[in-house]
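Quick notes on the structure that follows.
The values are calculated or read from the model by the stated rules, or taken from the named source; none is laboratory data. If you're wondering where the values come from, they're calculated on a predicted model, not measured in any experiment. No Cβ is skipped: glycine too gets one built from the backbone with ideal geometry, and neighbour counts run over all protein chains shown. The area values use the complete protein model at the heavy-atom level, side chains included, leaving out ligands, DNA and RNA. Shrake-Rupley method; radii C 1.70, N 1.55, O 1.52, S 1.80 Å.
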Amino acid sequence: MMGTYDQNKLIYFISNRCSRTVGGVQTIMRLIEENMPQQKFIEMPLVLNKKDILLDKLPNVETYSLMLNKSQKLKNYMKVFENQNYQLDDLSIVPGSKIVVFGVQKLLSLSKKDLKRNEIIIFQSNRPDINFGTINSNTIPFILEERIKYIDKFLFYTEEDKKEILKILQNSGTKYNFKSYIVPNPSKTSRNQICKYTNNVMYLGRFDIIQKNIREYIKLADILYPKYKINAYGDGISKVLLELSKVNVEGVIKDINEVAHKNSILLLLSNYEGFGNVLVEAYSVGMPVIVYNSYTAAKSIVTPNAGKLIPYGDIKGVVNAIEEILKDEQTFRRYSDGAFEESKKYVKHDIINRYIAVILDDL
């Protein structure tokens with residue numbers, strides 16, 4: 001049930017970076033802040049660069065790094081409360097606040113005093129094991145065990161993610177007593193079915209080997225050429241590898257709708273993902289997707305009517321999926337219609353309202 005929350009109280013965001021930088025978590029923070037203009041927010045990123053301070057921020061948001069010393073923290077707080085009579089003393093976080101934490105492992109950045117005195121809300125920010133700061137493990141790090149009990153609410157991407165995370169907690173013998181919610185990430189792209197039938201497929205994202213598996217697109221381009229072309233949109237440290245391959249590097253774009261008319265399929269062949277925001281953005285323009293099943297949320301996002309979920313590493317399966325979706329315009333149109341229909345689940349306004357409802361919900 002939606003609670004009546006005192007807007008004079010603070011909502012904190014604990015994340016890797018602030019909302020003025022680029023990323024899925026950053027987009028979520030920004031959208032929540034924009035849709036609660038009377039609410040005061042304090043962002044506490046683990047990494048805060050000087051250039052981030054110069055970027056545009058909303059008037060209801062203040063940012064400071066968890067790495068700053070206490071005196072600097074207090075100076076930043078005074079900016080927030082300059083017209084009020086709060087007495088902060090030496091407290092790091094004002095008691096009675098709500099703290100939204102993106103990833104369970106970031107609970108280590110909070111004191112037990114802060115955990116006890118405030119409502120702790122976890123937003124899933126990556127695949128289940130990475131949320132706990134571990135990879136390829138079915139148990140949580142022992143240093144987190146004592147802090148799990150302080151979690152009041154836990155927001156999961158999908159029902160499958162919830163099952164995986166609860167399984168990890170149970171395998172660890174860790175006690176928990178949080179209220180659960182299922183809310184997927186929103187699409188930042190407005191719904192407009194502009195995707196066309198072409199011989200082009202695309203990748204959109206960071207150019208890196210470790211997570212995004214850039215070498216897979218290079219191998220795939222060799223197989224597909226010259227019948228199909230892979231267009232890559234983005235930037236990153238592996239850009240030179242793509243430029244030396246048959247992948248066509250197109251540069252950075254702000255939104256997939258800029259290029260949807262000249263690409264017919266989105267590829268996401270990552271080694272791992274959290275949610276895969278780019279998939280729901282592709283759906284918003286009616287673009288089918290082909291995805292490796294390398295992470296839990298993909299099972300819910302990629303439906304048979306909207307694309308193909310391929311076993312991780314099965315590059316021949318990717319080729320077959322492309323051939324199937326693009327075998328003729330009628331088949332492509334069926335998949336495009338399916339993708340556009342799926343996009344109804346991820347409309348930005350609806351999802352943001354659900355986020356806010358989670359934050360304000362009574363315990």
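Here are some notes:
- Filter result for Ile237 (of a type in the set (Val, Ile, Thr) and at pLDDT 95 or above): no
- Just one of (1) within 13 Å of Ile265 (Cβ to Cβ); (2) open to solvent by less than 10 Å² (accessible area, probe 1.4 Å); (3) free of Cβ contacts under 8 Å to residues at least 60 places away in the same chain fails for Ala298. It is (1).
- Residues being at pLDDT below 90 and either more than 21 Å from Ile93 (Cα to Cα) or within 15 Å of the chain's Cα centre (by Cα) (or both) - total across the stretch 27-52: 5
- Screening the stretch 227-257 for residues that are assigned to a helix (DSSP H, G or I) and touching a residue at least 40 places away in the same chain (Cβ under 8 Å) and picking the one that is surrounded by the fewest Cβ atoms within 10 Å (Cβ to Cβ) gives Asn257.
- Test result for Ala221, open to solvent by less than 20 Å² (accessible area, probe 1.4 Å), at pLDDT 95 or above and within 25 Å of the chain's Cα centre (by Cα): no
- The residue that is surrounded by the fewest Cβ atoms within 10 Å (Cβ to Cβ), among those in the stretch 92-136 that are of a type in the set (S, T, N, Q) and within 21 Å of the chain's Cα centre (by Cα), is Asn136.
- Count of the stretch 138-170 residues which are touching a residue at least 24 places away in the same chain (Cβ under 8 Å), loosely packed, with under 15 Cβ neighbours inside 10 Å and polar (S, T, N, Q): 1
- From the options Gly205, Gly173, residue that is at positive phi and open to solvent by 50 Å² or more (accessible area, probe 1.4 Å): Gly173
Condition check ((1) under 20 Å from the mean Cα position of the chain (by Cα); (2) open to solvent by 10 Å² or more (accessible area, probe 1.4 Å); (3) over 23 Å from Glu216 (Cα atoms)) across all residues:
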residue	(1), (2), (3)
Val278	yes, yes, no
Glu281	yes, yes, no
Met287	yes, no, no
Lys316	no, yes, no
Asn320	no, yes, no
Glu323	no, yes, no
Asp328	no, yes, yes
Arg333	no, yes, yes
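- Taking (1) in contact (Cβ under 8 Å) with a residue 60 or more places away in the chain; (2) among the hydrophobic types (A, V, I, L, M, F, W, C); (3) in contact with an Asp or Glu (Cβ under 7 Å, 6 or more places away or on another chain) in turn, Phe123 satisfies each apart from (3).
- Any hit, the stretch 73-80, residues being modelled with pLDDT of 60 or more, in contact with a strand residue (DSSP E or B) (Cβ under 7 Å, 6 or more places away or on another chain), open to solvent by 30 Å² or more (accessible area, probe 1.4 Å) and not in a loop (DSSP other than H, G, I, E, B): no
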